[in-house]
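Here is the structure we will look at, set down as structure tokens.
Every read-out reported here was derived from the displayed coordinates using simple, explicitly stated rules and does not represent laboratory data. Given the structure is predicted, the values throughout are model-derived calculations rather than measurements. Glycine also receives a Cβ, built like all others from the backbone with ideal geometry; neighbour counts cover every protein chain displayed.
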Amino acid sequence: MPELPEVETVRAGLASKLVGKTIDHVLVRRTDLRIPIPAGFAERLGGRRLATMTRRGKYMLWNFDNGLVLLCHLGMSGQMILGSGTLQPPEKHDHVRLAFTSGVWVTFRDPRRFGLMDLTTLDEAPHHPLLGAMGPEPLSNAFNGPVLAAALAGRGSTIKAALLDQKIVAGIGNIYASEALYRAGISPRRKAGSVGPVRAERLVAAIVATLNDAIAAGGSSLKDYVQATGDLGYFQHQFAVYGRQGEACPHCDPNSTCRVRHITQSGRSTYYCPTRQR
């Protein structure tokens, strides 16, 4: 599933081409996504000018000139594909296409249909059922060591599981939780409630650095993810531990027998260095 860096990369790519542009028409080919596309979807978006594009966690928010907000999630395999000029015939898994008067168009392609598109308003969006309970944005001033330490206090789950809880911090998924814990030197097996203020400060710094590095690299392309231009992301080439089971830890003594380990936590793969992470 695309995580915060991938969604932010897609958002920025779309915004650079679409903000300030007006929708000419909307084609809806399939309404049964993760949640049904709302009635009147195409009619409500037609003729509207896109004022800004923002992000909340793993969701994109397209904010229009009349206060209407298009809420998007890429799901497991969703892609936003930009095009221009002559409209091409839709492909099998192209579910929604938004065509703009400028001649640019964007297609939402999602083979597994775990993504979604919903309509809300600027006033209602912060309280939307999908957004209202989210924790702080990790790249905002609202996320810091004391905030994270307070959110983790008394929790019996592992720290890895806690980082995947969108109520603790928004936008982090399996890849970046593993990579951030590695940078912070914290074992994914550690109980969240035992992290404490010092480790929380270290972990916040590691999360911020990991996410910023991933955004700078255009995200991570492992399976379906591509940028809005169709280009791949490159952060997968910088992974320290994710997907590197059995390989040498990049920061341990090269002459040691230390190897990256793989475990399953709550049905998800976790990668870590048993020597570096405590």
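Stretching Val198 away from Leu27 to a fully extended chain increases their span by 56.4 nm, per 0.36 nm per residue minus the current alpha-carbon distance. Taking every alpha-carbon pair within the chain, the share separated by more than 26 Å comes to 45 percent. Sparse packing (at most 15 other Cβ atoms within 10 Å of the Cβ) combined with a DSSP loop state is found for the following GluC sites (Glu not before Pro) in the stretch 168-268: Glu247. By the Cβ distance rule of under 4.7 Å, the chain has these cysteines without a partner: Cys72. Relative to its residue count, the stretch 116-162 spans a Cα convex hull of 130 Å³ per residue. Hey, can you list the DSSP H helices of the chain whose Cα span along the axis is 24 Å or longer and whose average Kyte-Doolittle score is at least 0.0? Helices passing the filter in the chain: 196-216. Once the C-beta distance of Asp213 and Lys191 is scaled by a Förster radius of 22 Å, the resulting FRET efficiency is 0.20 to the nearest 0.05.
The calculated P(r) of the stretch 1-150, using every Cα pair and 10 Å bins from 0, goes 11, 41, 36, 9, 3, 0 in percent.
Relative contact order for the stretch 145-272: what percent, with Cα pairs under 8 Å and sequence separation of 6 or more? This gives 23 percent for the stretch 145-272.
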